[in-house]
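Visitor: Provided herewith is a single structure, encoded as structure tokens, for subsequent inquiry.
The values are calculated or read from the model by the stated rules, or taken from the named source; none is laboratory data. In this text the structure is predicted, and so the values were computed from the model without any measurement. Positions of Cβ are generated from backbone atoms using ideal geometry, with glycine treated the same way; all protein chains shown enter the neighbour counts. Surface areas here come from the heavy atoms of the whole protein model, side chains and all, with no ligands, DNA or RNA. Shrake-Rupley method; radii C 1.70, N 1.55, O 1.52, S 1.80 Å.
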Amino acid sequence: MHPNVNLLILIFLVGLFAVRAQAELSGLLGILQYFGLNLQSNGTGSVVLGKITRGQCPYSFESYALMQDRHICYPDDEHILHLSELPQQRKPPLMIKCLQPDPSPQAGVVTVPKLLIMQSAKDIVNLLKPIGNATKRHEPGSCVLVHFCTPTSLECARVAAYVNLLPHLFPTLPVAYIDAYEFTRFNAEFGIASLPTLMIFHQGRPLIKYDPPSNENVSVPSFIMRHTNLKYVNPRTLRPYILAWAKEGPLVSVPTVTTDFYLILAWAFILICLANYVRQTLFWKQLVEMVQRNWRESEETQMEMID
């Protein structure tokens with residue numbers, strides 16, 4: 001056969017093979033794109049990897065905990081957008097505008113601020129009674145700081161001296177104490193879940209609740225000034241006898257020891273249920289049978305000795 005004919009046949013076979021390979025490569029690319037992979041040719045016959053999308057990232061707990069997703073996956077992946085988001089800005093504090101009566105003495109009468117101890121539900125209602133027609137927190141209204149606690153709590157006894165001092169630190173703010181153990185229905189109404197708890201009321205409505213934090217970075221005066229327009233008195237300017245009075249009362253720094261009858265009844269109920277459960281077990285039946293058998297054998301032994 002003529003050499004030119006052989007060359008033409010060879011060129012035809014090579015072209016046919018190239019077309020078939022290109023078609024197979026196109027089909028493979030289509031399949032990979034269907035599963036989320038974007039493969040593109042770089043013009044040199046090789047295939048390069050484009051943007052990594054869903055399906056390439058492991059999305060496992062280990063990769064999430066070690067922050068590997070941030071380095072493996074591209075930032076456009078919707079499943080790791082939260083890793084690159086900026087933290088949300090802190091919301092502005094809830095501000096309350098309080099009426100501030102003049103704490104200066106009038107007509108020679110000296111009024112000493114003191115902690116208000118609530119003795120009945122009527123006293124609580126009179127304490128939270130609104131003043132004026134203000135209905136919004138940015139309108140001047142009556143503000144009351146209420147301390148929910150109980151004398152039998154060790155944590156309440158620990159902060160008792162500081163609570164006694166609060167009326168002197170905020171002379172224009174009424175500070176009251178409610179025994180959460182005695183007035184339990186107010187706990188559910190105001191959402192009191194732990195003791196001690198401080199709550200600011202505005203026009204008789206509970207607005208801000210303060211639970212003592214685990215650290216000492218946040219103080220009660222800064223909390224009150226953050227949410228109200230009130231200013232506090234520097235404790236260093238107070239007279240020494242006021243600090244001495246705060247340590248003595250009206251709230252004592254030693255927890256009161258009382259008999260909790262409800263706790264006794266609860267333990268009695270638990271023990272009765274436990275005894276009833278044990279009585280129905282196989283171990284209890286075998287124990288009773290063993291005792292009865294030993295009792296009968298001892299009686300028979302005594303009868304034999306008498307005979």
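Visitor: State all residues of the stretch 160-184 that are under 24 Å from the mean Cα position of the chain (by Cα) and open to solvent by 30 Å² or more (accessible area, probe 1.4 Å); if no residue qualifies, say none.
Guide: Across the stretch 160-184, the qualifying residues are Tyr181, Thr184.
Visitor: When you look at Ile272, is it open to solvent by less than 60 Å² (accessible area, probe 1.4 Å) and either within 30 Å of Gly132 (Cα to Cα) or over 32 Å from the mean Cα position of the chain (by Cα) (or both), yes or no? Before you say what the answer is, go through the steps one by one.
Guide: Numbers: open to solvent by less than 60 Å² (accessible area, probe 1.4 Å): no; either within 30 Å of Gly132 (Cα to Cα) or over 32 Å from the mean Cα position of the chain (by Cα) (or both): yes.
No; evaluated as a whole, the condition is false for this residue.
Visitor: Hand me the list of helices (runs of 4 or more DSSP H) wholly inside the stretch 199-283 holding 2 or more residues that are hydroxyl-bearing (Ser, Thr, Tyr). Lay out the reasoning, then the answer.
Guide: Values: elements: 220-227, 240-248, 261-279.
Once the helices (runs of 4 or more DSSP H) in the stretch 199-283 are filtered for at least 2 residues that are hydroxyl-bearing (Ser, Thr, Tyr), what remains is 261-279.
Visitor: Take the residues of the stretch 196-219 that are modelled with pLDDT of 85 or more and β-branched (Val, Ile, Thr): which is farthest from Ala176 (Cα to Cα)?
Guide: Ile208
Visitor: Could you tell me which numbered condition Ser222 fails, if it satisfies all but one of (1) open to solvent by less than 80 Å² (accessible area, probe 1.4 Å); (2) under 26 Å from Cys143 (Cα atoms); (3) in contact with a Phe, Trp or Tyr (Cβ under 8 Å, 6 or more places away or on another chain)?
Guide: (3)
Visitor: In addition: Please work out which one of (1) closer than 19 Å to Asp123 by Cα; (2) open to solvent by less than 20 Å² (accessible area, probe 1.4 Å) is the condition Asn187 fails and give its number.
Guide: So the condition that Asn187 fails would be (2).
Visitor: If you don't mind, another one. Pairs only if they're at least six apart or on different chains, beta carbon under 6 angstrom, first in the stretch 123-140 and at negative phi, second among the β-branched types (Val, Ile, Thr) and loosely packed, with under 11 Cβ neighbours inside 10 Å; list them, first residue then second.
Guide: Cβ pairs passing all conditions: none.
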